[in-house]
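Worksheet: the structure to be examined is printed underneath.
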Amino acid sequence: MKRGDLIEIVWSDSISSSKAWMSEEEAKEWIDDDVELRTVGFFFFRSRKSITVYQSCHGDRVGGVWQIPIGCVRNIRRLRRLR
């Protein structure tokens, strides 16, 4: 991948309950083992620990930067090459 390639990252996110206290039974019902997200953005940087994309750019400025831990990534797919 090259900087600026449009990519899709499928990854697992962590979640937390907005409810302060609940019974163990309620907690079991609340658990979701498949919190899969899809993030689409322009490839910026990849390290051993994370991959970073941005959602907007203007000249040499970028916005909407997302850094996703590699351990959470399920799949990365290039949608379009930078021209």
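No lab work stands behind these numbers, since they all come straight from the coordinates. Keep in mind that this is a model prediction, so the values were computed, not measured. As a convention, Cβ positions derive from the backbone with ideal geometry for all residues, glycine included, and neighbour counts pool all protein chains shown.
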Checklist entry - Has the range 57-70 got at least one residue that is part of a helix (DSSP H, G or I), touching a residue at least 12 places away in the same chain (Cβ under 8 Å) and touching a Lys or Arg at 6+ places or on another chain (Cβ under 8 Å)? => result yes
Checklist entry - Within the range 33-42, can one find any residue that is closer than 20 Å to Leu82 by Cβ, over 9 Å from the mean Cα position of the chain (by Cα) and outside any loop (DSSP other than H, G, I, E, B)? => result yes
Checklist entry - If you scan the range 16-30, which residues turn out to be part of a loop (DSSP other than H, G, I, E, B) and loosely packed, with under 10 Cβ neighbours inside 10 Å? => result Ser16, Ser18, Lys19, Ala20, Trp21, Ser23
